[in-house]
Amino acid sequence: MWVPKWKRDQDRGVDSPIPTQVVSNEEFLPIAQTEQQAAWEDKILELSEKKARKLGMERRDFMRSSMGMATGFMAANLVFGHHWEVDAAETEDEAAGAEKWPKNEYFVFDVQTHFTAGFSIGSRGAEFLKNIGVKLGNNPKDYGFQNFVKEIFFDSDTDMAVISGVPGREIDKDKAGKILEGRDRRGGVLPSWLMSKSKKELNELAGCKRVLCQGNCAPNHYWNRKKNEPDWPALWDQVEREVKTYGIDSWKWYCHTDPGRSGNGFRMDDEKLAYPFYEKSKKLGLKVFSCHKGFASQSRTLGHFAHPGDVEKAAKDHPDLSFIVYHSAMKHGTWDPGFKDPKNFDPETGDFEWHKDLMEIKKRNPQMENVYCEIGTSFGTLAVLHPVMAQHLIGKNIKTYGADHVIWGTDCLWWGSPQWVIDA
């Protein structure tokens, strides 16, 4: 029986500021806690109890503080080896942490954040509940926009964010031919119309541009089954709606999904499917394409379309477009049985499957400047399970593509507040 993580933590008294096992970004089912993670959790409980008592604090209050966060990383070093920069003073003196890590030292722009269209998706097995000092709820409102604002902007140092798409196809007209608007268009977990609406509301509230949004539309979303090709008129109508009406700032493509029931995924270098979309988007002035790459096990039949190999030709043929490779194309998530396959990670070179292929693209094309690596979920899950791989992920991205081509993203609020990822 699946036990919600918040229930298991509540029963055990766990209130760690950092997840001590891999939790879900709602695109996979997480694996069970490993022996090392259990040891890490035990060490956090042990240290936090001692330090809270020494400071005359309740443990829960201690774990909600910057000292609790530092204690979590110190415990990780004791179990996994010294991978995180943390001093003992930071675990008992908030001023020490504040001096070492001053607030507002960095401008934090998170290009991968999510919420849902007002409903809970915990029935898929993952509860989005983390050990961050508070119990995260699993009700529709906990997945909604208001909690998104709280988790992203009030509970973290995030300055600016992109509301990132989740694949879904909007319905343009009803049976009578009437154009649908807003919620009537549906469109899945996080439709383009909702991202646009929420972006505008938050920016108006802030009085400045704090949020950008993506559009979900992709070449196989509107399909003519008789001709076995895109329903071009319907596709272009939606493309124009998302750019002109919604005011999206980027496309978000999931090549390994098929919302339009075309019977297949698609490649980004497909000259018959993707290239007409590129040209249409250029004419409309939108030149940023964010693409989910990696985590192949999400689709048993179309997972191969999540390989980054199709980015190379697309980027070379369209130097005036920018391609952001989400998740840095890590093939096997830490929840995937393939993650433990000896072929997945080479500890001598630091290479791992599909991520190496993304690095090779740049090595073959050193002058290519329009491909970027994003690290959402990949960095967070590796930081929890395999800190060495997390460091190779960041190090190789920067060494190969350059620091100005590595993009910060967290995949939150799937992970609760992104603050612990920022601190990591």
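The values are calculated or read from the model by the stated rules, or taken from the named source; none is laboratory data. Quick caveat, the model's predicted, so the values are computed rather than measured. Positions of Cβ are backbone-derived with ideal geometry, glycine not excepted, and every protein chain shown enters the neighbour counts.
Take the residues in the range 263-313 that are acidic (Asp, Glu) and more than 24 Å from the chain's Cα centre (by Cα); name whichever of them is nearest to VAL162 (Cα to Cα). Don't jump to the end; show me each part of the working.
Taking the range 263-313 as the starting set, the residues that turn out to be acidic (Asp, Glu) are 269-271, 279, 310, 312.
Narrowing further to those that are more than 24 Å from the chain's Cα centre (by Cα): 270-271, 279.
Details: ASP270: 27, GLU271: 29, GLU279: 24 Å.
Step by step, filter the range 263-313, then rank; the result is GLU279.
Determine, yes or no, whether THR381 is in a helix (DSSP H, G or I), over 26 Å from TRP40 (Cβ atoms) and either modelled with pLDDT under 95 or not assigned by TED's automatic domain parsing to the domain that holds GLN37 (or both). Considered against the rule, which asks whether it is in a helix (DSSP H, G or I), over 26 Å from TRP40 (Cβ atoms) and either modelled with pLDDT under 95 or not assigned by TED's automatic domain parsing to the domain that holds GLN37 (or both), THR381 comes out as no.
Could you tell me which of the residues PHE305, PHE277, PHE266 is in contact (Cβ under 8 Å) with a residue 40 or more places away in the chain, assigned by TED's automatic domain parsing to the domain that holds ASP404 and in a loop (DSSP other than H, G, I, E, B)?
Values: PHE305 fails: in a loop (DSSP other than H, G, I, E, B); PHE277 fails: in a loop (DSSP other than H, G, I, E, B).
Matching residue, one of PHE305, PHE277, PHE266: PHE266.
In this structure, does PRO319 turn out to be in the same structural domain as THR410 (by TED's automatic domain parsing), part of a loop (DSSP other than H, G, I, E, B) and modelled with pLDDT of 95 or more?
Working: in the same structural domain as THR410 (by TED's automatic domain parsing): yes; part of a loop (DSSP other than H, G, I, E, B): yes; modelled with pLDDT of 95 or more: yes.
Yes, satisfied.
Of the residues making up the range 390-424, just one is part of a loop (DSSP other than H, G, I, E, B) and closer than 16 Å to LYS356 by Cα, namely GLY402.
Taken across the range 311-330, residues that are farther than 29 Å from THR381 by Cα and either basic (Lys, Arg) or without any contact (Cβ under 8 Å) to a residue 24 or more places away in the chain (or both) do occur, with at least one present.
If you scan the range 184-208, which residues turn out to be basic (Lys, Arg), out of contact with any helix residue (DSSP H, G or I) (no Cβ under 8 Å at 6 or more places or on another chain), surrounded by fewer than 21 Cβ atoms within 10 Å (Cβ to Cβ) and not in a loop (DSSP other than H, G, I, E, B)?
Residues of the range 184-208 basic (Lys, Arg): 185-186, 197, 199-200.
Among the residues that remain, those that are also out of contact with any helix residue (DSSP H, G or I) (no Cβ under 8 Å at 6 or more places or on another chain) are: 186, 199-200.
From the residues that got through so far, the ones that are surrounded by fewer than 21 Cβ atoms within 10 Å (Cβ to Cβ) too are 186, 200.
Across the range 184-208, the qualifying residue is only LYS200.
Looking at PHE148, PHE107, PHE119, PHE62, can you tell me which residue is assigned to a loop (DSSP other than H, G, I, E, B) and either buried (at least 18 other Cβ atoms within 10 Å of the Cβ) or modelled with pLDDT of 85 or more (or both)? Unique residue meeting the criteria: PHE107.
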